[in-house]
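One structure below.
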Amino acid sequence: MSKKRIPHLGLTRREFLERGAVGAAGLSIFGLAACGEEQPAATTQAPTATTAPAAAPTTQPAGAPKTGGILQFAVTDAAPDEVLDPALTEITDDAAIGAALYEGLVRYDANWDVMPVLAESWDAAPDGSEWTFTLREGVKFHNGATLNAEDVGYSIGRNLDEDLGSAVFARMSGSLDKSGIKPIDDRTITFQLKRPDSLFTLAVGARQGHVVPAGTTDFSDGNGTGPFTLVSFDPGRRWEVERNPDYWNSPLPHLDGVRGVAIPEQATKVQSVVSGDSHLGDRMDAALAATVEASPNAKILVAEAQNYLVISMDSSQEPFGDPRVQLAVKLATDREKLLEIAQQGYGSVTSDVPVPADDPFFPSTVGVRTQDIEGAKRLLAEAGHPDGIDLTLYTSDVFGGLVDMAVAFKEVVAPAGIRVEVVKHPAETYWDQVWLVKPMYTSYYNRRHPNEALNLVYVSNATWNEPQYKSQKLDDLVAQGLATTDPEEQQRIYSEALELVANEAGTMIPYFINTLWPAKANLEGIILDPQRSVMFHEAWLA
């Protein structure tokens, strides 16, 4: 099974209040009281990236998008064992090419608003135990075959095969068996669930739910319904796609094509945008922002609170089998100082949960932890380490900010007697040789709805269970959260679940970051998507 990692966005407390509380957002997520509506052609499906102020003025093009041109995407988060199987996409590079080639029934934005893609509408039973989707008419795969309900059923069903290794296996299999997938006719499919699931649209909206023709086992041609078709794919090195002339959402895309180029070093990647041939780079170290801001030819695209960084401690490996060691690490961390040193303040601190502190689901009982050196020392002594402890922390340039976080972490926990050796591993093999292998390492995730984040990493059978956390109480809470359509009750349940994670799971999550993407000044229309990393179908070169 391939081993890498993924990474989703959410609703801040401010946005929560501005949007009229959970009830308003809840309808669009649950789909219980309303159906999806048809998406007009060539309209923006999600908020495009915002642009950070630049030191020098940049030209802001006006008027309609221009057609043509090849966009070059410089990406550090790439690996040689990437695949074009959408169920197995896991990192920035294969997520980006997957979004160019494939599509799902729906997708959702940073506020959990669900948008129709291949499904033009959907509705559900009042308790969320059955969902029916109606497909768009006349959508074609790249090979000319017409999309039908059998294709959708096959594609969603693949994620229910545990041996395949899809990251959403735990999420999907908890609610659905293959026997519950019921194609009704060519354009209608019903999912009869094992349990009420008020958030089922978020499950099928994951990129692992992208649709391929029924029976597909060879994904080398990238045969999807997406806005681009495959030209070439050299895993972990480079890829190229070209405009799909028969795309259902005409006149998109605007570009003639997109070329992905792997550049393992952060500084080199940024320079390729500022002064080279690249038009966009994936997430960069915050320390490199000044280089982009100083150039009249470049700008920074900002996704606020899109990602959280993690220091993972595997409880199946020593010394982290003792939960007191894990908690000591959390207490020894000065989160504000870590954020300032490693991220130049681009972000907000949190307390070892996959939601920021201003999120409605954040467990107020935990609060934002402040550094407690004496408490950390006491826990280490109780765990048999009265003279402190030696730890090895693995990290890499695969994602902007991981190395800086690891180096700063070493310094801030030292007063507690936690002696850290930081080992920087090559980006090309990090997800295979370090992630889910070493006892302690850094990783990152996109922000997700709490249910999706908990299913991805923390439930007992999670495919990406970094801390090897097993809790029947947590599993039960996650199921309860899906079963209710009451927003207030759901908020209470997930807050309780997140409190368990903060106190018991071996993941130290110090902060959420505002991710910074270097871009050419003339690049417009990029969508930084919570599931698909980056989408190019509305991009254009001014």
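The values are calculated or read from the model by the stated rules, or taken from the named source; none is laboratory data. Because the structure is predicted, anything quoted here is derived from the model rather than measured. Cβ: placed from backbone, ideal geometry, glycine included. Neighbour counts: every protein chain shown. Only protein heavy atoms, including side chains, enter the accessible area calculation; ligands, DNA and RNA are left aside. Shrake-Rupley method; radii C 1.70, N 1.55, O 1.52, S 1.80 Å.
Take the solvent-accessible surface of the protein heavy atoms, probe 1.4 Å, and return the percent of it on the chain that carbon and sulfur atoms account for. Walk me through the intermediate numbers first.
On the way: 9000 of 18450 Å².
With neighbouring chains kept in place, the figure for the chain is 49 percent.
Relative contact order for segment 270-427: what percent, with Cα pairs under 8 Å and sequence separation of 6 or more?
Details: 215 pairs, mean separation 36.2, N = 158.
Result for segment 270-427 is 23 percent.
Taking only DSSP H segments of four or more residues, each worth -39500 (n - 2.57), what value at 222 nm results for the chain once the sum is divided by all its residues, to the nearest 500 deg cm²/dmol? Can you show the working numbers first?
Working: 16 runs with 145 residues, N = 542.
Result for the chain: -7500 deg cm²/dmol, rounded to the nearest 500.
Per residue, how large is the accessible surface of segment 262-370? Use a 1.4 angstrom probe and give square angstrom.
Solvent-accessible surface per residue comes out at 33 Å².
Report, by chain and number, residues whose modeled amide H sits under 5 Å from the one on residue 441, excluding near sequence neighbours (fewer than 5 apart, same chain).
Amide H to amide H, under 5 Å and 5 or more residues apart or across chains, residue 441 pairs with 312, 394.
At q = 0.13 Å⁻¹, work out log10 I(q)/I(0) for segment 271-406 with the Debye formula, treating every Cα as an identical point scatterer and leaving solvent out; two decimals please.
-0.69
What's the local net charge at residue 70, with K and R +1, D and E -1, over the other residues with C-beta under 12 Å away?
That sum, taken over residues with Cβ under 12 Å, equals -2.
Per residue, how big is the convex hull of the chain when only Cα atoms are used? Give it in Å³. Before the final figure, lay out the partial values.
Working: hull volume 69.3 nm³, N = 542.
Enclosed volume per residue, from the Cα hull, is 128 Å³.
How far apart, in nanometres, would the label points at residue 256 and residue 194 be if each is projected 7 angstrom from Cα along the Cα-to-Cβ direction?
Each label point lies 7 Å from its Cα, and together they span 5.1 nm.
Considering only the other residues whose Cβ falls under 12 Å of the Cβ of residue 417, what net charge follows from Lys and Arg at +1 and Asp and Glu at -1?
0
With every protein chain left in place, what is the accessible area per residue of segment 66-193 in square angstrom, probe 1.4 Å?
Value returned for segment 66-193: 30 Å² of accessible area per residue.
Nearest-5 percent of antiparallel DSSP beta bridges in the chain?
About 80 percent, rounded to the nearest 5.
Check the straight Cα-Cα distances from residue 66 and name the lysines below 27 Å, setting aside those fewer than 8 residues away within the same chain.
140, 269, 299, 520
Could you name the aspartates and glutamates whose alpha carbon sits less than 17 Å from that of residue 337, not counting residues in the same chain fewer than 8 places away?
Straight-distance partners of residue 337: 285, 352, 372, 404, 411.
Rule-of-thumb check for segment 119-167: C-alpha Rg over 2.2 N^0.38 Å?
1.41
Provide the per residue accessible area, probe 1.4 Å, for segment 384-500, rounded to a whole number of square angstrom.
For segment 384-500, the per-residue accessible area is 33 Å².
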